[in-house]
1. So if we plug the beta-carbon distance of B:Ala136 and B:Asn94 into 1/(1 + (r/R0)^6) with R0 = 22 Å, what FRET efficiency do we get, rounded to 0.05?
2. Only Lys, Arg, Asp and Glu count, each charged at its Cβ (+1, +1, -1, -1), so figure out the dipole size of chain A about its Cα centre, rounded to 20 debye.
3. Let me confirm one metric for peptide A:18-26, namely the mean number of other chain beta-carbon atoms within 10 Å of its residues' beta-carbons.
4. Determine ³J(HN,Hα), in whole Hz, for all residues of region A:79-94 in sequence, where each value follows from phi through the Karplus function 6.51 cos²θ - 1.76 cosθ + 1.60 and θ = phi - 60°; x replaces Gly and Pro.
5. Would you please name the trypsin sites (Lys or Arg not before Pro) within region A:22-109 that are DSSP coil residues with at most 11 other C-beta atoms within 10 Å of their C-beta?
6. Could you tell me which GluC sites (Glu not before Pro) in region B:103-166 are loop residues by DSSP with no more than 11 other beta carbons within 10 angstrom of their beta carbon?
7. Can you pull out the chymotrypsin sites (Phe, Trp or Tyr not before Pro) in region B:88-174 that DSSP calls coil and that have at most 12 other Cβ atoms within 10 Å?
8. Check cross-link reach from B:Lys149 to the aspartates and glutamates: straight Cα distance under 14 Å, and skip same-chain residues fewer than eight apart.
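Nothing in this text is a laboratory measurement; each read-out follows from the coordinates by a stated rule. Please read all numbers here as calculations on a predicted model, not as lab measurements. Here the Cβ positions follow ideal geometry from the backbone for every residue, glycine too, while neighbour counts run over all protein chains shown.
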Amino acid sequence: MLFEVDHILSVLDRCCDAFTFPMLDNGYVYLAATRLSLYRTAADWAMVIEVFGFSPRSGLPDTHIHTFASSLYNRDAPEKYVNREAHDRYLANNPNNDSRFVYPIDAGD
Amino acid sequence: MRGERQPVPSLDGYAQHGISLENPPRVRVFELCRFLADVALNSVLATAQERRVSVLPGMTQILQLEAAGSRWTNAIWAVWARAAGLNLMTRVPNCAFFKIADGYSGHTQVLALFDRSGSPDYSAPDAKTSTIDHIAFEIPPAEFADERKRLEALGLEVETTEHAWVHWRSLYVTDPEGNQVELVCYDESV
């Protein structure tokens, strides 16, 4: 059963150990705002954490969308990876987490 | 802008709040981020579509929690960054380090502010019982009047005092916790 406390916590712990869980006091990102959203069906769960901030290294403020879920949707196609092996390895190492960036402030805004 | 996100406010809006995109750019960009998070949170976070990009279709949202930093801290920060004109060295959710001046052997002289308002035993400092009365920064006497106007334009209540015994002329503003910031100049006419 995917919708059990132990399973959810084990996923989050594993992501924390792998440094894929967002660290809000990350010294490289000046944190401005966050939002956490939870989703569920009878059998599945998902947690989305948005982190809006500014990293001087990236140059533009961005919103990092972290998703942790029993099952993930719309994962990047193999073509977005340098090769098929990299794609397969990423999915194997990150079965319950994925992340995307959006840029609410365009350059020149 | 992407998707259904509302446009961020215009630059004129930032200027009304005393924010400009002047140097140092890193601090200004971060200040802009904090400002936008306060006044237009839905413009800077993901749209509903972006938020659900990796979520299975058909899932029901059951909770949403938002945190745009602490308005308490922002208010304190505004006084020190904008009124005292200190440059922000770094900031994390509950503390801010401002540069006062270059130091020695690589250690910059800093003012560090920590937001402890979330602590169960927290109580704001009381100027009536605190040993520390105020922190003063020197300004050129020729800029005294302009500084007063600038502080008032930031919406701060400004007090003025003359200290005849040392020929100082002072401007005082107070942060929301009661900490007093003095901008002072030497003026022989005092």
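1. The pair B:Ala136/B:Asn94 has a calculated efficiency of 0.25.
2. Around 80 debye, computed over chain A.
3. Taking the mean over all residues of the peptide, I get 1.
4. With coefficients 6.51, -1.76 and 1.60, one gets 5, 7, 9, 5, 7, 4, 4, 5, 4, 5, 5, 4, 5, 5, 7, 10 Hz.
5. A:Arg57
6. Listed in order of number, the matching sites are B:Glu157.
7. Of the chymotrypsin sites (Phe, Trp or Tyr not before Pro), the ones in loops of region B:88-174 whose Cβ has at most 12 other Cβ atoms within 10 Å are B:Tyr122, B:Trp165.
8. Those aspartates and glutamates meeting the cut-off are B:Glu157, B:Glu159.
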